[in-house]
Amino acid sequence: MDVYGLRKIVLINYTKAIFSTNLRCDRVKIEQKNAENFPLVSILMTTFNSQEFVENSLLSLIYQDYPNKEIIVIDDCSSDNTCNIVQKISDKYSFVKLIKLPENVGTFVAKTIGAKFVTGEFITCQDSDDWAHPEKLTKQVEPLLKNKNIIVTFSKWFRVTEKGKAYSRMIYPFIRLNPSSALFRRQIVEEKTGLWDWVRTGADSEFNSRLKLVFGNKAIFVINKPLTIGAHRENSLMTSIETGYSDHSVLIRQQYWENWNNWHIKQLMLGHSIRMNYKNRKELFSIPKEISVDINKISRVFKKLELFL
């Protein structure tokens with residue numbers, strides 16, 4: 001990380017491979033008494049059977065240099081020990097909150113549910129098997145504080161396998177834009193674009209495209225530093241047969257991509273809003289059934305949590 005001017009990353013256990021569960025960074029003592037002088041950043045993390053990964057991922061957020069943050073963990077009906085692990089961490093750190101969903105609705109529905117509980121001026125997300133460099137929040141918030149015209153910042157990442165090898169679907173480059181790294185102004189984004197589409201996979205790309213179309217290139221700032229190390233592992237959202245990049249699922253993702261792109265183009269040509277309207281979601285564009293989420297299931301979850309669609 002020296003070449004990027006970032007603090008050095010070290011292994012927790014030097015006998016094990018480089019992986020998101022085996023990383024830490026020397027902590028810098030930050031003065032916390034003036035934390036309220038910094039805008040609150042709300043971090044959303046969704047979990048599903050993440051007991052092997054979630055603790056170190058959460059700790060990487062807890063140990064962020066940025067002093068004023070809240071972490072909302074939305075568990076998507078895990079059947080393993082994930083909730084117990086998160087609850088123990090929440091008991092220790094008051095700014096970590098756990099929300100348990102009674103049914104599995106997928107990471108993007110879970111994120112929109114979590115967003116209803118946030119209180120921060122800014123929102124960002126992290127996957128439960130990724131590791132964030134402690135300077136990540138500070139680096140991404142800084143441009144938003146300096147320039148009110150910037151609406152969202154992104155940062156880069158690279159991914160590693162459980163054997164410690166760098167991974168990329170294409171050979172080059174290994175360091176790329178992290179599609180889930182968007183850190184944005186909550187109020188204006190919720191008003192102008194809405195949040196993530198209610199699908200099982202692929203919603204980050206649609207959301208990021210919507211941000212760009214609505215606010216323009218000048219409202220987007222990219223931190224050209226690898227501030228996240230992602231986990232490439234079996235049965236994750238990116239590698240499973242249903243939602244990842246198998247031959248079958250690529251075709252499904254492609255169909256979804258074409259559908260939302262056509263909707264964006266149509267709305268632009270008509271001069272209409274490109275906002276995700278959940279109440280009239282069926283009227284926007286179609287979703288391949290393989291990645292759709294049953295609206296009745298979503299409605300039941302919202303009702304049990306006493307939320308409104």
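A short reminder: the numbers here are calculations on the coordinates, not readings from a lab. This is a predicted model, so every value here is computed, not measured. FYI the Cβ positions are ideal-geometry reconstructions off the backbone, even for glycines, and counts take in every protein chain you see.
Descriptive notes on the structure:
- In whole percents, the pair-distance distribution calculated for the chain from its alpha-carbon pairs, binned every 20 Å from zero, is 32, 62, 6.
- Taking N as its residue count, the alpha carbon Rg of segment 126-178 over 2.2 N^0.38 Å: 1.39
- Placing +1 on the Cβ of every Lys and Arg and -1 on the Cβ of every Asp and Glu, with nothing else charged, gives segment 2-233 a dipole about its Cα centre of roughly 700 debye.
- Taking amide H positions as modeled 1.01 Å from N, with prolines and chain starts lacking one, the residues under 5 Å from residue 96 and 5 or more places away or on another chain are 71.
- One compactness figure for segment 1-121 is 1.14, namely its Cα radius of gyration divided by 2.2 N^0.38 Å.
- Euclidean distance of C-alpha centroids, segment 63-89 and segment 1-31, integer Å: 20 Å
- All Cα-Cα separations within segment 44-100 were binned at 5 Å from zero, giving a P(r) of 5, 20, 36, 25, 10, 4, 1, each value a whole percent of the pairs.
- Shape summary of segment 60-165, radius of gyration then Dmax from alpha carbon positions: 15.1, 44 Å.
- Neighbour count of at most 11 Cβ within 10 Å plus DSSP loop: longest chymotrypsin sites (Phe, Trp or Tyr not before Pro)-free window in the chain: 15-307
- Comparing 58, 11, 137 in a Gaussian network model of the chain where C-alpha atoms under 10 Å apart are linked, the largest mean-square fluctuation is found at 11.
- Of the residues 158, 106, 15, the one whose Cα sits farthest toward the positive end of the charge dipole of segment 2-233, with +1 on the Cβ of Lys and Arg and -1 on the Cβ of Asp and Glu, is 158.
- Per-residue Cβ neighbour counts within 10 Å put 45, 269, 1, 276 in the sequence 269, 1, 276, 45, beginning with the fewest.
- Straight-line cross-link partners of residue 282 among the aspartates and glutamates, defined as a Cα under 17 Å from its Cα and at least 8 positions apart when in the same chain: 197, 206, 258, 290, 294.
- The chain, helix-only ellipticity at 222 nm - DSSP H runs n ≥ 4, -39,500 (n - 2.57), divided by all residues, nearest 500: -9500 deg cm²/dmol
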